[in-house]
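The values are calculated or read from the model by the stated rules, or taken from the named source; none is laboratory data. As the structure is a computational prediction, the values presented were derived from the model and not from experiment. Because the Cβ atoms are built from the backbone with ideal geometry, glycine has one as well, and the counts that use them run over all protein chains shown. All accessible areas refer to the heavy atoms of the entire protein, side chains included, with ligands and DNA or RNA removed. Shrake-Rupley method; radii C 1.70, N 1.55, O 1.52, S 1.80 Å.
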Amino acid sequence: MAGGRPHLKRSFSIIPCFVFVESVLLGIVILLAYRLEFTDTFPVHTQGFFCYDSTYAKPYPGPEAASRVPPALVYALVTAGPTL
């Protein structure tokens, strides 16, 4: 090899090693995902406020119970005010 390009020696025997190692790692990741997703390793705790929960429901008081002024008087004043 005097004056020419040096001949590179290529080794293809390392490729099956990488495939084997990566397939083992992929299998470990799949087993870990299965264990964490479909088993009770970490139990799910549901908390929060749910709008349609009947235990939080109260009866609607209506305008008569919440107002100091009768609704008929309020409606009459709201209608008569802009007219005058």
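Quick notes
- Heavy-atom accessible area per residue - the chain, 1.4 Å, Å²: 105
- For the chain, the longest principal axis of the alpha carbon atoms and the long axis of helix 14-38 meet at an angle near 20°.
- Between the exposed loop cleavage positions of the chain, defined as chymotrypsin sites (Phe, Trp or Tyr not before Pro) in a non-H, G, I, E, B DSSP state with at most 14 neighbouring beta-carbon atoms within 10 angstrom, the longest gap is 13-48.
- Crossing angle, helix 71-83 versus the chain [Cα axis fit, 0-90 degrees, rounded to tens]: 90
- By accessible area, using a 1.4 Å probe on protein heavy atoms only, the chain has 68% of its surface on carbon and sulfur.
- Residue-averaged [θ]222 nm for the chain, counting only DSSP H segments that reach four residues, each worth -39500 (n - 2.57): -16500 deg cm²/dmol
- Counting all C-alpha pairs of region 13-80, share separated by more than 19 Å (%): 71
- Considering only PHE12, LEU84, LEU73, the residue lying farthest towards the positive end of the dipole of the chain is PHE12, judged by Cα position with unit charges set on Cβ.
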